[in-house]
C-alpha cells in the first residue's frame, strides 16, 4: 500500500526543515486509489517498501540557487564536501610596536667613529640622547626589528558542499495494485524516488542510489600563524635643546646617515618615526583535525 505522509510524521532533514510529507488531500486519487492505467505522460513506480519514505522527485545542482521551486513539502540535502583542508593566515604591519632605532651620538668631528653613546629608541617615544653633555655631536642610527604581525587567529577555510539535492514530495496517485502514478514536476528528474536515513543499499525496485548528507561535523583547528619578511624604516628626528621632542627646530636623520647636530644642550631629545617596508609573508596555519559529513540520507530512484 502507499505510505501517506502526514505532518505528524515529520522527519528532520536539514536544520529547521521538516521532512517531506503529504496530507491526504494532496493525493490526486481517493482512498482506494485508481483502478485505471497510469497515463503515458505520468511517472509510474512500485509501492514504497517497508522502512522507506516517499515518493519524491529530486533535482540536483552545484548551485543551490539554481534548484527549481517545489510546490509541495520539500527538503534540501547535500553531497561532496569540499574546501576542507586549508587555513587562512593574513599579515599586517605594526611598526609602532615592532620597530626600534639604535641611535649613536659621537663628538663633533669624529666622523661617527670612536667613542660613542648608544641609545635604543622604541618607535614613537621621546628620549634624551646626550648624556655626554656635548654642545654639538654627530648622530647615526640603524633600524631594528620586523614590522610584520599576524592578523587575528587563523581560521579553517569554510567547508562547502559542491552538490545540492532538493527532495520534493511527488504529486502522486495510489493505484489499485499499490503502485504510484505521479504527475512529473517541472525542473525535477523524471523519476520516482524514496529515501531513508543512513547509508544503506537500495531495494531492487529503486536501483539508482544517491548518498546525501544533512549536515557536517567540523573538528578542524589551525596552528598559530606568524609573519615575517618586512623591514623597519623611517627617520630619527632630533630636537636640540628640547627634551620634549618639540616639532620646532628639528633635524631629520635618515637611516645609516651620519649627520652633525649643532646647538645641543645637556638634554636634547630624539624620536624615531617608524615606517614599515618590505613584504610580509605568513607561515604556520596548518590544519589539524577533520571535517566530515554527518546525518546521512540515502535516496533511491527508479531507473
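Where a number appears in this text, it was derived from the coordinates with a stated rule and is not lab data. Note that the structure is a prediction, hence the values are computed from the model and not measured. Positions of Cβ are backbone-derived with ideal geometry, glycine not excepted, and every protein chain shown enters the neighbour counts.
Rounded, prolate or oblate: which one fits segment 146-303, using the alpha carbon gyration tensor with axes a ≥ b ≥ c (rounded when a/c is under 1.5, else prolate when a/b beats b/c, else oblate)? Cα axes put segment 146-303 in the prolate bin.
Between residue 128 and residue 223, what's the calculated FRET efficiency when r is the beta-carbon distance and R0 is 45 Å? Round to 0.05. The computed FRET efficiency comes out at 0.55. Volume per residue of the convex hull around the Cα atoms, evaluated for segment 182-267, comes out as 331 Å³. The C-alpha atoms of segment 37-78 occupy a region whose extents along the principal axes are 37, 29, 17 Å, arranged from largest to smallest. Estimated at 0.36 nm per residue, the fully extended path between residue 162 and residue 258 surpasses their Cα-Cα distance by 28.3 nm. Please work out whether segment 39-118 counts as rounded, prolate or oblate from its C-alpha gyration tensor, where a ≥ b ≥ c are the square roots of the eigenvalues and a/c under 1.5 means rounded, while otherwise a/b larger than b/c means prolate and anything else oblate? Note, shape of segment 39-118 comes out prolate. In this calculation the C-beta distance from residue 64 to residue 292 is compared with R0 = 22 Å, giving a FRET efficiency of 0.60. Residue separation of residue 155 and residue 50 scaled by 0.36 nm, minus their Cα-Cα distance, works out to 33.3 nm of gained length. Give the calculated FRET efficiency between residue 246 and residue 120 to the nearest 0.05, with a Förster radius of 35 Å applied to their Cβ-Cβ distance. Between residue 246 and residue 120 the formula returns 0.95. Computed on segment 182-279, with alpha-carbon pairs under 8 angstrom and 6+ residues apart, the relative contact order is 27 percent.
Per residue, the average separation of C-alpha pairs within less than 8 Å and at least 6 apart gives segment 113-183 a relative contact order of 14 percent.
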